[in-house]
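Here the structure is laid out as structure tokens; the discussion comes afterwards.
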Amino acid sequence: MTSLIRSVRNFFKVGPKEAYTQMLYIGDIKAGTLVGVDKFGNKYYENNEEIYGRERWVDYAQHYGDASQIPADWHGWIHKITDTPPTVDSTPKLKFLAEHKENFTGTRKAYKPYSTTVPKVAAWEPK
């Protein structure tokens, strides 16, 4: 019952349009304070009145939301490795580290290896 009361309370906090969007994408209605936005457009929220383990969440900039879209510094905050978000206490940027890229497996940008050797067996083609 408390979940229903919490959902109705959050519905009135965020409004009907945002509540509908949240139900489509995350399956729950959440209201919290905006902690920060990363360079990819993902928005990070926190509400300490939520259930433990669900008080920090991310609103992905792209509609298909994948955990690999979260950069390393925000990953530490969202998983409670650090208490301070990167907007308050940023980690130093090292020259030799590569820029963050999401995992493209299953998309058109996925890595497709190719072979330069001649195949040993010819594929059978029906007539």
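The values are calculated or read from the model by the stated rules, or taken from the named source; none is laboratory data. This one's a predicted model, so the numbers in the text were calculated from it and none came from an experiment. Because the Cβ atoms are built from the backbone with ideal geometry, glycine has one as well, and the counts that use them run over all protein chains shown. Ligands, DNA and RNA are excluded from the accessible area calculation, which covers all protein heavy atoms including side chains. Shrake-Rupley method; radii C 1.70, N 1.55, O 1.52, S 1.80 Å.
Tabulated results
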item	result
Condition check for Y44: within 17 Å of K101 (Cα to Cα) and in contact (Cβ under 8 Å) with a residue 12 or more places away in the chain	no
Spans of strands (runs of 3 or more DSSP E) in the range 1-119 with at least 1 residues open to solvent by 80 Å² or more (accessible area, probe 1.4 Å) and at pLDDT 90 or above	33-37, 43-46
